[in-house]
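Let me begin by presenting the structure, written as structure tokens, before commenting on it.
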Ligand code: B12
Ligand code: SF4
């Protein structure tokens, strides 16, 4: 039977990775997308997922308008989850409208849920936006469209009602039980899923040119954080805290998704997904949902179930604070290679305390690194340099902190990452910039669209107050490059490799 629903993921096609030039980023689809497709299939609507980055690589002549014109869907859903996707997603929306004038176009995901009113006001081709959890709402929408009944009863939907925009209440919220029953593994509904798993589930950036892409893939293998083909575990929803810069903390979930607490997928279901990841061709899994680091029982139970199943794979565990020793033991005995990431955010404890409710000091961090290393886990330390309160000296302090960690962790690999924290829609510091000592450069959906359009200069979306210098963020990042480059031969000398690569690949000298 031909497809009746089309779901799409658009990566950011005009990203730029310093030495390697123009590239695609936001390569992972929302983990919820295959589950949405599966729910639609189960409701009787054959569904196909398209990843426009995969299409670009596998079918270079692919034309979205022609594709939908050949087989116009009843419903087309696009995931506008990460704000970086905004421009490419709107372009895809326009292409779909040209090819299939009558398909109902709905958006969903984090950015769409935070900026729904403005998106509907500024992008006339969009018919509706599902806010928050999508699996029940999207099925209700397909049913209403098929039966041509009113959209007023579709939960969580904002939609055009003649000349007005109507917001139906957020009346459908998934529960721990319901999210444990979803089919996240339905990658078979994605066109070219093998290519997606092999080439898109790992690299942050996929350069557009082949030689650069090869260098990037090699670099990712040698220095990358996760394993090559990593399956992200859809481990839960919501959050237990509100970090100052994060658009997905407790406060944002309450405000935009109606969820006041967090929920987790059942340990047995996660263990089953980990087993399935091997059959699907992934070489490791990534756990990035750890709302209670002080109470690790949930993840220990997951480990015990995986160990009992006899499945072996690699694990990249993002710890939301410092990991509990019992959890590290369980991870190390269950998985082949274990990489634990910890985000001090800033080497400066005052800055860290301001942004991170799950606070730890530098001494505790070093002790935790010692403990993880003694058990055989590799570590990644992540810094988000350029935060208010930091100075041009901060990158050097970060390197010193990493050196102190390295000194107590022999025999394991310690990587460090520094990345600029961008403004995210609906984050606490977007809502109260004064309280955080910043001035916003991105506020509206149009600002986000412009920030991600081709040719836009790479900016963070805010300016730290009282730095007396317009390009302060850029300066601090350049300092970070000097001290914490991820390229070989070392964090301090990598920037020389970067310069050589830039010259070799003749990419314009651009920041980051
Ligand atoms: C796990 C996670 C990740 C994982 C990947 C998750 C993934 N592939 O989905 C990793 C660690 C790789 C990651 C990376 C990034 N992340 Co992240 N991540 C999260 C986290 C912690 C949980 C997300 C999650 O698993 N949700 C549960 C799953 C099952 O639901 P879902 O996929 O969101 O889908 C549901 C709805 O969103 C909706 N929906 C989604 N798409 C669509 C489409 C349609 C048509 C409809 C109707 C509905 C719909 O329905 C789905 C089912 O109910 C959130 C913070 C939080 N606590 O929520 C941040 C968060 C989503 N990430 C964020 C960011 C910024 C990023 C990065 C850009 C960071 C960076 N600079 O590199 C990258 C992007 C990487 C990429 N795409 O390639 C921001 C997004 C803010 C914004 N508005 O843009 C968040 C909110 C917070 C944060 N700062 O981390 N992330
Ligand atoms: S950054 Fe903080 S608020 Fe955001 S998802 Fe992680 S722990 Fe939650």
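The values are calculated or read from the model by the stated rules, or taken from the named source; none is laboratory data. All values derive from a computational prediction rather than experimental measurement. Please note: Cβ atoms are built from the backbone with ideal geometry, for glycine as well, and neighbour counts cover all protein chains shown.
In this structure, is residue 450 modelled with pLDDT of 85 or more, over 30 Å from residue 338 (Cα atoms) and not in a loop (DSSP other than H, G, I, E, B)? Considered against the rule, which asks whether it is modelled with pLDDT of 85 or more, over 30 Å from residue 338 (Cα atoms) and not in a loop (DSSP other than H, G, I, E, B), residue 450 comes out as yes.
Could you tell me which residue of region 279-292 is surrounded by the fewest Cβ atoms within 10 Å (Cβ to Cβ), considering only residues that are touching a strand residue (DSSP E or B) at 6+ places or on another chain (Cβ under 8 Å) and under 17 Å from residue 263 (Cβ atoms)? The qualifying residue surrounded by the fewest Cβ atoms within 10 Å (Cβ to Cβ) is 288. The set of residues in region 256-276 that are assigned to a helix (DSSP H, G or I), touching a residue at least 60 places away in the same chain (Cβ under 8 Å) and crowded, with 17+ Cβ neighbours inside 10 Å comprises 256, 257, 269, 273. Against the numbered list (1) part of a loop (DSSP other than H, G, I, E, B); (2) crowded, with 17+ Cβ neighbours inside 10 Å, residue 369 comes up short only at (1).
Entry remark, region 387-405: residues being under 17 Å from residue 350 (Cβ atoms), in contact with a strand residue (DSSP E or B) (Cβ under 6 Å, 6 or more places away or on another chain) and assigned to a helix (DSSP H, G or I) number 1 in total. Among the helices (runs of 4 or more DSSP H) confined to region 27-129, the ones with at least 2 residues that are touching a residue at least 60 places away in the same chain (Cβ under 8 Å) are located at 32-42, 52-58, 86-99, 110-114, 116-122. Across region 229-255, the number of residues qualifying as near ligand 1 (Cβ under 9 Å from one of its atoms) and assigned to a helix (DSSP H, G or I) comes to 3.
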